[in-house]
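Q: For reference, the structure I am asking about is given below.
What follows draws every value from the coordinates through simple rules; no lab data is involved. Given the structure is predicted, the values throughout are model-derived calculations rather than measurements. Virtual Cβ from ideal backbone geometry, glycine too; neighbours counted across all protein chains shown.
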Amino acid sequence: MENYLGLLTGGGDCPGLNAVIRAVVRRAVANDIRVLGIHSGWQGLIDGDIEPLTRHSVAGLQYKGGTILGTSRCNPLNDAALQKIRANWEKYGLDGLIVVGGNGTLSCSMRMWRDHGYPIIGVPKTIDNDIVGTDTSFGFDTAVSVATEAVDRLHTTAEAHHRVMVVEVMGRHSGWIATCAGIAGGADLILVPEKPFRLSEVCGLLLKRKEMGRPFSIVVVAEDARAHPDEEFLTEEQRQRIYRAESLGGIGQHVARQIEERTGLSTRVTVLGYIQRGGSPSAYDRVLATRLGVHAVEMAMRREYGLMAALRGTAITSVSLEEVADKHRPVDEDIFRTAEVFFG
Ligand code: F6P
């Protein structure tokens with residue numbers, strides 16, 4: 001009897017998704033398993049937007065950004081969607097489903113498996129590097145490289161114009177991208193969600209640099225960085241606009257304005273935005289994505305469901321989706337302490 005494995009990519013796009021798709025298909029066809037590609041995340045399973053993937057259709061995908069399947073932030077956990085998913089699951093004769101996603105998609109996957117009985121295997125992806133249960137996720141390495149290159153380039157203008165350059169980076173509620181790009185790019189200060197900041201200290205540090213003959217600085221700000229409550233400088237309206245659950249962004253602008261007003265230092269802001277997420281994955285991300293994809297199919301062959309493929313040390317292994325769901329992984333304390341050595 002033929003086996004059919006569904007494959008979908010959910011959440012924000014991320015460099016390495018296509019490498020997983022290619023790996024899943026290549027590993028599956030080698031064992032006569034058919035892979036059905038589901039378009040636009042869970043939405044495709046609801047709508048029956050599904051097509052067979054072949055060795056031919058995934059050829060050469062490892063270096064391409066985005067996802068050939070498309071993606072969405074659709075949440076299938078409602079009665080109408082679940083009913084349609086059940087019908088399509090039977091129509092296409094699926095035996096299992098590989099879901100490649102970040103925290104939101106993996107949390108949904110856990111519920112689809114635990115509460116609705118779907119045989120699901122998760123594969124972690126996100127530039128934010130904030131998934132619990134895996135040492136790192138593909139996409140992160142590429143995003144850090146992009147952000148580092150931006151910091152390198154901004155150094156030139158900062159130095160030439162004696163300016164403070166504020167660089168806002170992504171990362172949701174974790175400061176991984178900010179911290180690692182900040183270390184790699186030689187940032188003079190890094191503001192992350194895990195460590196509420198005081199503008200008085202930020203400005204003090206920048207003025208001290210000026211006194212030391214360093215009138216330029218690079219400040220990397222994570223999109224969810226927040227002021228310490230005892231030194232809040234945003235209005236309630238501004239806070240609501242910046243820290244929206246569905247889409248963060250804008251804190252860099254406010255930090256830059258405050259720095260200029262309080263220190264008199266010429267200050268500019270750059271928001272990296274989706275540039276961090278687009279384009280070709282790094283070699284590291286291609287390899288990690290490929291290993292996770294192969295492992296996920298091998299888990300399906302052993303009927304190991306309700307699990308997520310994960311990197312632990314140098315090995316690819318599996319962790320329970322229940323361990324992963326509804327959590328996020330803050331930036332490593334030790335790495336942040338290393339970054340702090342270079343502040344000022
Ligand atoms: O989770 C990845 C990520 O790029 C975050 O860093 C960012 O906050 C968010 O997605 C943006 O999401 P959207 O594509 O929905 O605007």
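Q: Could you give the longest part of the chain that holds none of the GluC sites (Glu not before Pro) found in DSSP loops with at most 12 neighbouring Cβ atoms within 10 Å? Mind dumping the intermediate values first?
A: On the way: sites that count: 2, 246.
Formally, the longest exposed-site-free interval is 3-245.
Q: Then there's this: Round to the nearest 10 and give me the degree value, 0 to 90, for the angle of helix 17-29's Cα axis relative to the longest principal axis of the chain.
A: With rounding to tens, the tilt is 20 degrees.
Q: Let me ask you something else. For a label point 7 angstrom out from the Cα of residue 280 toward its Cβ, which stretches of region 133-170 have the backbone nitrogen within less than 17 Å?
A: 139, 141-147, 149
Q: Label 7 Å along Cα→Cβ of residue 3; region 118-144 residues with amide nitrogen under 18 Å?
A: 118-123
Q: What FRET efficiency comes out for the pair residue 228/residue 257, r = Cβ-Cβ distance, R0 = 22 Å, nearest 0.05?
A: Result of the calculation: an efficiency of 0.75.
Q: Out of 78, 17, 31, whose Cα points farthest toward the positive end of the dipole of the chain (charges: +1 Lys, Arg; -1 Asp, Glu; placed on Cβ)?
A: Value: 31.
Q: Separate question: Can you list residues from other chains, or at least 5 along the same chain, whose modelled amide H is less than 5 Å from the amide H of residue 166?
A: For residue 166, the qualifying residues are 219, 268, 269, 270.
Q: So if each residue of separation counts as 0.36 nm, and I subtract the Cα-Cα distance between residue 159 and residue 268, what length gain in nm does that give?
A: This chain segment gains 38.0 nm when fully extended.
Q: Moving on. Can you sort 145, 320 so the residue with the fewest Cβ neighbours within 10 Å comes first?
A: 320, 145
Q: List the residues whose amide H sits under 5 Å from the amide H of residue 125, counting only those 5 or more places along or on another chain, with H placed 1.01 Å from N in the peptide plane.
A: For residue 125, whose amide H was placed from the backbone, the distant partners under 5 Å are 101, 102.
Q: Moving to a separate point now. Using θ = phi - 60° and the Karplus curve 6.51 cos²θ - 1.76 cosθ + 1.60, what whole-Hz ³J(HN,Hα) does each residue of region 91-105 get, with Gly and Pro shown as x?
A: These are the phi-based 3J(HN,Hα) values: 4, 8, x, 5, 9, x, 9, 9, 10, 9, x, x, 4, x, 5 Hz.
Q: Structure shown: which of 84/125; 91/327; 208/327 lie over 29 Å apart, alpha-carbon to alpha-carbon?
A: The pairs that break the limit, which is 29 Å between Cα atoms, are 91/327; 208/327.
Q: Expressed as cubic angstrom per residue, what is the convex hull volume of the alpha carbon set of region 198-277?
A: Dividing the Cα hull volume of region 198-277 by its residues yields 94 Å³.
Q: Something else: Work the Kirkwood hydrodynamic radius out for region 53-93: mean of 1/r over every pair of different alpha-carbon atoms, inverted, in Å.
A: It is 13.0 Å.
Q: Per the Kirkwood definition applied to all pairs of different Cα atoms, how many angstroms is the hydrodynamic radius of region 99-173? The partial results should precede the final answer.
A: Details: mean 1/r = 0.0679 Å⁻¹.
After inverting the mean inverse Cα-Cα distance, the result is 14.7 Å.
Q: Would you compute, for the Cα atoms of the chain, the largest minus smallest coordinate along each principal axis and list the three values in descending order, in whole Å?
A: 75, 38, 30
Q: Right, next: Measuring from label point to label point, each 7 Å out along Cα→Cβ, what is the residue 47 to residue 80 span in nm?
A: Spacing of the two 7 Å Cα→Cβ label points: 1.5 nm.
Q: Same structure again: Using a Gaussian network model on the chain with a 10 Å cutoff between Cα atoms, which of 204, 37, 101 fluctuates the most?
A: 204
Q: Let me ask something else about it. Run the Debye formula on the Cα coordinates of region 45-114, all scatterers equal and no solvent, and tell me log10 I(q)/I(0) at q = 0.22 1/Å.
A: -1.18
Q: Still on this structure, I have one more. Could you compute the FRET efficiency for residue 317 and residue 32, with r as their C-beta to C-beta distance and R0 at 35 Å, rounded to 0.05?
A: Working: r = 26 Å, r/R0 = 0.73.
Efficiency at R0 = 35 Å is approximately 0.85.
Q: Separate question: With a Förster radius of 25 Å, plug the Cβ-Cβ distance of residue 116 and residue 327 into 1/(1 + (r/R0)^6) and report the FRET value to the nearest 0.05. Mind showing how you got there, number by number?
A: Working: r = 21 Å, r/R0 = 0.83.
Efficiency for this residue pair is about 0.75.
Q: Using bins 5 angstrom wide from zero, how does P(r) for region 151-310 break down, in % of all Cα pairs?
A: 2, 9, 15, 19, 16, 12, 8, 7, 5, 4, 2, 1, 0
Q: Each label point is 7 Å from the Cα along the Cα-to-Cβ direction; what then is the distance between the points at residue 68 and residue 240, in nm?
A: So the two model labels end up 4.5 nm from each other.
Q: Something else: From the C-alpha gyration tensor of region 177-237, pull out the three semi-axes of the equivalent ellipsoid (sqrt of 5λ each), sorted largest to smallest, in whole Å. Numbers along the way, then the final one.
A: Numbers: eigenvalues 88, 54, 12 Å².
In descending order the semi-axes read 21, 16, 8 Å.
Q: Which translational diffusion coefficient, to the nearest whole µm²/s, is obtained for region 1-83 from the Stokes-Einstein equation, given a Kirkwood hydrodynamic radius over C-alpha pairs, 20 °C and 1.002 mPa s?
A: On the way: Rh = 13.1 Å.
It diffuses with D of about 163 µm²/s by this estimate.
Q: Going 7 Å from the Cα of residue 152 along its beta-carbon direction, which residues of region 268-291 have the amide nitrogen within less than 15 Å of the resulting point?
A: 282-283
Q: By how many nm would the segment from residue 208 to residue 335 grow when fully extended, if each residue of separation counts as 0.36 nm and the alpha-carbon distance is taken off?
A: Working: separation 127, 0.36 × 127 = 45.72 nm, distance 2.44 nm.
In short, 43.3 nm is gained.
Q: Output ³J(HN,Hα) for region 255-260: one whole-Hz value per residue in order, computed from phi by the Karplus curve 6.51 cos²θ - 1.76 cosθ + 1.60 with θ = phi - 60°, and x for Gly and Pro.
A: 4, 4, 4, 5, 4, 4
Q: At q = 0.09, 0.11, 0.17 Å⁻¹, what log₁₀ I(q)/I(0) does region 51-183 have when each alpha carbon counts as one equal point scatterer in the Debye sum?
A: Taken in order of the listed q values, log10 I(q)/I(0) reads -0.41, -0.57, -1.04.
Q: Please report how far the C-alpha centroid of region 1-39 lies from that of region 168-190, rounded to the nearest whole angstrom.
A: 32 Å
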